[in-house]
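What follows is a short report on a single structure.
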Amino acid sequence: MALPSTEEAFGIAYIEAMACESTVIGCEGEGPSEFVENGETGYLVPPNDPMAITDILTDLLDNPSKVRQIGKNASEYVRNNLTWAENARKNEEIYHSATNQ
């Protein structure tokens with residue numbers, strides 16, 4: 001899934017695609033940078049750089065095994081790090097930290 005939006009705050013569509021073992025392409029410095037590890041769980045491209053997207057898509061078309069592996073990595077990352085339980089744990093950690101200061 002290529003969604004190189006330069007205005008994406010978080011991007012639930014990326015998470016949904018990653019959970020389904022899709023390889024995602026997003027913009028560097030935006031929301032996806034928080035959870036996409038370039039070349040491992042998806043790809044990040046510089047904003048407004050269509051050639052970077054073209055290069056990645058060409059590479060992926062030539063390497064279907066890479067598409068499958070990155071998709072599996074992405075799905076595993078979502079299952080381990082982006083669950084409601086993990087989100088609740090992180091929020092609780094923030095609240096405890098804030099009340100201890």
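For this structure, a couple of remarks:
- Residue that is in contact with a strand residue (DSSP E or B) (Cβ under 8 Å, 6 or more places away or on another chain) and in a helix (DSSP H, G or I), where the choices are Ser65, Ser33, Ser97, Ser75: Ser33
- For the residues Asn81, Asn87, Asn100, Asn63, the requirement of being surrounded by 11 or more Cβ atoms within 10 Å (Cβ to Cβ), over 11 Å from the mean Cα position of the chain (by Cα), free of Cβ contacts under 8 Å to residues at least 12 places away in the same chain and over 21 Å from Leu3 (Cα atoms) singles out Asn87.
- For Val36: the one exception among (1) at pLDDT below 90; (2) surrounded by 15 or more Cβ atoms within 10 Å (Cβ to Cβ): (1)
- Scanning the stretch 18-60 for residues that are closer than 16 Å to Glu7 by Cα and among the acidic types (Asp, Glu) yields Glu28, Glu30, Glu34, Asp49.
- The one condition in (1) among the aliphatic types (A, V, I, L, M); (2) in contact (Cβ under 8 Å) with a residue 40 or more places away in the chain; (3) touching a helix residue (DSSP H, G or I) at 6+ places or on another chain (Cβ under 7 Å) that Ile25 fails to fulfil: (2)
- Hits in the stretch 8-30 (condition: touching a strand residue (DSSP E or B) at 6+ places or on another chain (Cβ under 9 Å) and either farther than 20 Å from Gln69 by Cα or among the aliphatic types (A, V, I, L, M) (or both)): Glu8, Gly11, Ala17, Met18, Val24, Ile25, Cys27, Glu28, Gly29, Glu30
- Considering only residues in the stretch 78-94 that are in a helix (DSSP H, G or I) and of a type in the set (S, T, N, Q), the one that is farthest from Val24 (Cα to Cα) turns out to be Asn91.
- Positions within the stretch 3-20 being at pLDDT 90 or above, crowded, with 17+ Cβ neighbours inside 10 Å and either part of a loop (DSSP other than H, G, I, E, B) or among the acidic types (Asp, Glu) (or both), in sequence order: none
The values are calculated or read from the model by the stated rules, or taken from the named source; none is laboratory data. These figures come from a predicted structure and were not determined experimentally. A quick note on method: Cβ atoms are made from the backbone with ideal geometry, for glycine too, and the neighbour counts reach across all protein chains shown.
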